[in-house]
Amino acid sequence: MADLRGDLTSSLLVARDNGDGTVSGRFLAEPGHFMWLRAHVDNPLRDGGRFATHIDYDDAHTTTTSLNPAILDEPSFRFFLQFIAPDIGRIWTSTRDGKALVRISDGRGAWADVDPVSGTVIQGGPTDLFKHIEHAANLWEKHGRPDSTRLGITAGPTGRTLWLDSPQHPIA
């Protein structure tokens, strides 16, 4: 059993050695919450980075989405999202100019502000962050909004594969 944990959520994984250099296992409903290993003893962040996300509105672009940002509070979607878009490091709510916003960052300089009322997405940085979230949401919906107990993983020296219900049903 292992705590498989991303920046958004975690779950315990029960894995078995497949005898071919890979392991496979299914996630449990229980989160692990084991303590992170940290890159530097004197820094509370596991990567040794900083808390701040620099949001530069001068280089931002605006789009719209029909995706309801409330999905980002859904624990089963957050678990799924961190496999499909593993660079997303933080999701939080804030206000700007009196408007409530859902804010997302990836720790590499990409960020997005989503207005949950209008569906306006303002984003910037090196990647189209919200496009990755929309892609993950479409996959999650396509596969029946699975919770962590329907997901599993096979991992080995060449990478990992997320699967639904059994290793014979990989999620692209």
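Data table
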{"item": "Answer from T154, T149 - the residue that is in contact with a Pro (Cβ under 7 Å, 6 or more places away or on another chain) and within 24 Å of V14 (Cβ to Cβ)", "result": "T154"}
{"item": "Residues (of a type in the set (A, V, I, L, M, F, W, C), at pLDDT below 85 and within 18 Å of the chain's Cα centre (by Cα)) located in the range 1-20", "result": "L4, L8, L12"}
{"item": "Answer residue from the range 144-172, given it is of a type in the set (G, A, S) and surrounded by 14 or more Cβ atoms within 10 Å (Cβ to Cβ) and is nearest to P75 (Cα to Cα) among those", "result": "S148"}
{"item": "Identity of the residue in the range 8-31, touching a helix residue (DSSP H, G or I) at 6+ places or on another chain (Cβ under 7 Å) and not in a strand (DSSP E or B), that ends up surrounded by the fewest Cβ atoms within 10 Å (Cβ to Cβ)", "result": "A29"}
{"item": "When residues of the range 136-164 are limited to those that are in a loop (DSSP other than H, G, I, E, B) and on the phi > 0 side of the Ramachandran plot, the one nearest to the chain's Cα centre (by Cα)", "result": "R145"}
{"item": "The range 116-142: number of residues that are charged (D, E, K, R) and within 19 Å of L164 (Cβ to Cβ)", "result": "2"}
{"item": "Some residue of the range 120-133 being surrounded by 18 or more Cβ atoms within 10 Å (Cβ to Cβ), in contact (Cβ under 8 Å) with a residue 24 or more places away in the chain, out of contact with any helix residue (DSSP H, G or I) (no Cβ under 9 Å at 6 or more places or on another chain) and closer than 30 Å to L12 by Cα", "result": "yes"}
{"item": "Count of the range 69-81 residues which are of a type outside the set (V, I, T) and either surrounded by fewer than 21 Cβ atoms within 10 Å (Cβ to Cβ) or in contact with a His (Cβ under 7 Å, 6 or more places away or on another chain) (or both)", "result": "6"}
{"item": "In the range 21-69, the residues that are of a type in the set (S, T, N, Q), modelled with pLDDT under 85 and under 19 Å from the mean Cα position of the chain (by Cα)", "result": "T53"}
{"item": "Test: D87 is under 13 Å from the mean Cα position of the chain (by Cα), modelled with pLDDT under 90 and not small (G, A, S)", "result": "yes"}
{"item": "Restricting the range 90-119 to residues that are crowded, with 16+ Cβ neighbours inside 10 Å and over 18 Å from T65 (Cα atoms), the residue that is modelled with the highest pLDDT", "result": "D106"}
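The values are calculated or read from the model by the stated rules, or taken from the named source; none is laboratory data. Since the model is a prediction, treat every value here as computed from it, not as a measurement. Glycine also receives a Cβ, built like all others from the backbone with ideal geometry; neighbour counts cover every protein chain displayed.
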